[in-house]
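First up is the structure itself, then whatever we jot down about it.
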Amino acid sequence: MNKRRDYLIGKLIASHSLGEGEYKELIELRDDEAALILQKEAVRLRKEIYGDKVFIRGLIEISNICKNDCLYCGIRKSNKSCDRYRLTKEEILSCCKDGYALGFRTFVMQGGEDGAFTDDFLCETVSEIKSLYPDCAVTLSLGERSRESYKRLYEAGADRYLLRHETADEEHYSRLHPKNLTLKSRMECLHTLKEIGFQTGCGFMVGSPYQTAECLAKDLKFIEEFRPDMVGIGPFIPHKDTPFRDYPPGSAKLTCYLLSIIRIIHPSVLLPSTTALGTLEEGGREKGILHGANVIMPNLSPTAVRNKYMLYNNKLSTGAESAQKLDELKKKISGICYRITCERGDAAKNIT
Ligand code: SAM
């Protein structure tokens, strides 16, 4: 029995909101019982809105070339052991072609901040995908760009943009990034994306170095207030060629706890069960689904580059590039009583 914990859980379930200090307490007071109550409510809400559907997104990792030097990231500029690549437009289109035949109706183009990705190149690629596959959504995850650039990409047909805020705590942000990258600029980008009309996704790593319960509370309050369409969270996993190589990985259990809380804060959110969660723990992705997540992003990148987009050690290549592999994934998901659907899967609207 923990009266305070039960009060906080009751308040969160009833109002989908807590004060920042209360989120901090909910994180600090967590135990198996709290996790179970939150999990049940998260699952109830996602079933009410999305039933047993799990949406799939075909992830195309278009480049591992990056001008940034984020301290946690395996494709950071300073990593001299990273074998760099960049896909051509034809290669990207070929991934979409294969993905479309398999049933994917969302393509996510993700990559480092690669200077070769000019607006012209990206707009041309996006509009070609959209004209070949008008029933598909295109999601971009290409980091910080100017308002002008985001606007052009939106006008070219891109529907969604994923830009994790990484941490909503300024001090923490500055310990994870070099000086030229600021939380202010990241947040400005997120607001701009939303204003332009993108379905916008934010998110953060769980257990990144120097993260405290206070940082996580700020992340949750930010999600509550910003009301993104998507939230990507996954455990931090160290990469051997980064300054954070010796830090421990984040916890799968805490990630699942936070997935449930995020589903309750924002019931209609699209919430991926991430590759990082699947990498950290056998069956991790399924666990994420069982805690309120409703999206999986299998890898559609060409097999030849798969191992080069190494954000962290032993990154799982959750490929569904063949009918056989997609069938395996479908079986795993039906094994936990959910169902992979090939729908485009936009966020449900008009729900708290
Ligand atoms: N460059 C784009 C951007 O900044 O949004 C997209 C690519 S970036 C590599 C995608 C995400 O990978 C980041 O937002 C970060 O949260 C995650 N990531 C990077 N390194 C990681 C690590 N060591 N462990 C877990 N996630 C990591």
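Which residues, counting only those in the range 191-204, are among the hydrophobic types (A, V, I, L, M, F, W, C) and either within 11 Å of the ligand (Cβ to nearest atom) or open to solvent by 20 Å² or more (accessible area, probe 1.4 Å) (or both)?
Taking the range 191-204 as the starting set, the residues that turn out to be among the hydrophobic types (A, V, I, L, M, F, W, C) are 193, 196, 198, 202, 204.
Of everything in the range 191-204, those that are among the hydrophobic types (A, V, I, L, M, F, W, C) and either within 11 Å of the ligand (Cβ to nearest atom) or open to solvent by 20 Å² or more (accessible area, probe 1.4 Å) (or both) turn out to be 196, 202, 204.
Can you work out which of the residues in the range 169-190 that are in contact (Cβ under 8 Å) with a residue 24 or more places away in the chain and within 16 Å of residue 231 (Cα to Cα) is most open to solvent (accessible area, probe 1.4 Å)?
Ranking the candidates gives 186 first.
Each row is one residue, and each column tells you yes or no for (1) modelled with pLDDT under 95; (2) more than 15 Å from the ligand (Cβ to nearest atom); (3) in contact with a His (Cβ under 8 Å, 6 or more places away or on another chain).
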| residue | (1), (2), (3) |
| --- | --- |
| 70 | no, no, yes |
| 82 | no, no, no |
| 98 | yes, yes, no |
| 144 | no, no, no |
| 173 | no, no, no |
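From 30, 5, 46, 86, grab the single residue that is in contact (Cβ under 8 Å) with a residue 24 or more places away in the chain, buried (at least 18 other Cβ atoms within 10 Å of the Cβ) and under 22 Å from the mean Cα position of the chain (by Cα).
Numbers: 30 fails: under 22 Å from the mean Cα position of the chain (by Cα); 5 fails: under 22 Å from the mean Cα position of the chain (by Cα); 86 fails: buried (at least 18 other Cβ atoms within 10 Å of the Cβ).
Only one candidate passes the filter, namely 46.
Somewhere in the range 49-69, is a residue touching a Phe, Trp or Tyr at 6+ places or on another chain (Cβ under 7 Å), of a type in the set (Ser, Thr, Tyr) and either farther than 29 Å from residue 174 by Cβ or open to solvent by 10 Å² or more (accessible area, probe 1.4 Å) (or both)?
Checking the range 49-69: not a single residue is touching a Phe, Trp or Tyr at 6+ places or on another chain (Cβ under 7 Å), of a type in the set (Ser, Thr, Tyr) and either farther than 29 Å from residue 174 by Cβ or open to solvent by 10 Å² or more (accessible area, probe 1.4 Å) (or both).
If we scan the range 106-114, do we find a residue that is of a type in the set (Ser, Thr, Tyr) and assigned to a helix (DSSP H, G or I)?
Just the residues of the range 106-114 that are of a type in the set (Ser, Thr, Tyr), to begin with: 106.
Still in the running and assigned to a helix (DSSP H, G or I): none.
No - not one qualifying residue is present in the range 106-114.
Filter the range 267-299 down to residues that are away from the ligand (no atom under 16 Å from the Cβ), open to solvent by 10 Å² or more (accessible area, probe 1.4 Å) and in a loop (DSSP other than H, G, I, E, B), then give me how many there are.
3
How about the range 150-168: which of its residues are within 14 Å of the ligand (Cβ to nearest atom) and either open to solvent by 10 Å² or more (accessible area, probe 1.4 Å) or in a loop (DSSP other than H, G, I, E, B) (or both)?
162, 163, 164, 165, 166, 167, 168
So which residues in the range 128-149 are open to solvent by 40 Å² or more (accessible area, probe 1.4 Å), within 30 Å of residue 181 (Cα to Cα) and not basic (Lys, Arg), if there are any at all?
Within the range 128-149, 146, 148 qualify.
Has the range 300-307 got any residue that is under 15 Å from the mean Cα position of the chain (by Cα) and either β-branched (Val, Ile, Thr) or at pLDDT below 95 (or both)? I'd like the intermediate steps shown before the answer.
First pass over the range 300-307, keeping only residues under 15 Å from the mean Cα position of the chain (by Cα): none.
Among the residues of the range 300-307, not one is under 15 Å from the mean Cα position of the chain (by Cα) and either β-branched (Val, Ile, Thr) or at pLDDT below 95 (or both), which makes the answer no.
Just to be sure before I move on: is residue 91 surrounded by 15 or more Cβ atoms within 10 Å (Cβ to Cβ), of a type in the set (Asp, Glu), within 29 Å of residue 153 (Cα to Cα) and touching a residue at least 60 places away in the same chain (Cβ under 8 Å) in the structure I sent?
Working: surrounded by 15 or more Cβ atoms within 10 Å (Cβ to Cβ): yes; of a type in the set (Asp, Glu): yes; within 29 Å of residue 153 (Cα to Cα): yes; touching a residue at least 60 places away in the same chain (Cβ under 8 Å): yes.
Judged against the criteria, residue 91 is a match.
Just one of the numbered conditions (1) farther than 30 Å from residue 341 by Cα; (2) polar (S, T, N, Q); (3) open to solvent by less than 20 Å² (accessible area, probe 1.4 Å) is not true of residue 106; which one?
That leaves (1) as the condition not met.
Does any residue in the range 304-317 that is more than 9 Å from the ligand (Cβ to nearest atom) come within less than 7 Å, Cβ to Cβ, of a residue that is open to solvent by 50 Å² or more (accessible area, probe 1.4 Å) and not small (Gly, Ala, Ser) six or more places away or on a different chain, and which pairs are these?
Pairs found: 308/83.
For the range 224-251, what are the residues that are buried (at least 19 other Cβ atoms within 10 Å of the Cβ), under 23 Å from residue 278 (Cα atoms) and away from the ligand (no atom under 11 Å from the Cβ)?
229, 230, 231
When residue 80 is evaluated against the numbered criteria (1) assigned to a loop (DSSP other than H, G, I, E, B); (2) crowded, with 17+ Cβ neighbours inside 10 Å; (3) not small (Gly, Ala, Ser), which criterion, by number, is the only one it fails?
Status for residue 80: all satisfied but (2).
For the range 205-223, which positions are away from the ligand (no atom under 13 Å from the Cβ) and of a type in the set (A, V, I, L, M, F, W, C)? Walk me through how you get there before you give the answer.
Of the residues in the range 205-223, the ones away from the ligand (no atom under 13 Å from the Cβ) are 210, 212-218, 220-223.
Once the filter is applied, which keeps residues that are away from the ligand (no atom under 13 Å from the Cβ) and of a type in the set (A, V, I, L, M, F, W, C), the range 205-223 yields 213, 215, 216, 217, 220, 222, 223.
Does at least one position in the range 127-135 carry a residue that is in a loop (DSSP other than H, G, I, E, B) and hydroxyl-bearing (Ser, Thr, Tyr)? Explain how you work it out, then say what you get.
Going residue by residue through the range 127-135, those that are in a loop (DSSP other than H, G, I, E, B) are 133-135.
Retained after the next criterion (residues that are hydroxyl-bearing (Ser, Thr, Tyr)): 133.
The answer is yes, given that some residue of the range 127-135 is in a loop (DSSP other than H, G, I, E, B) and hydroxyl-bearing (Ser, Thr, Tyr).
Report, by residue number, each residue of the range 329-352 that is open to solvent by 80 Å² or more (accessible area, probe 1.4 Å) and at pLDDT below 90.
Result: 349, 350, 352.
The values are calculated or read from the model by the stated rules, or taken from the named source; none is laboratory data. Computed from a predicted structure; not experimentally measured. Every residue, glycine among them, receives a Cβ derived from its backbone with ideal geometry; neighbour counts consider all protein chains shown. Note: areas computed on protein heavy atoms with side chains; ligands, DNA, RNA excluded. Shrake-Rupley method; radii C 1.70, N 1.55, O 1.52, S 1.80 Å.
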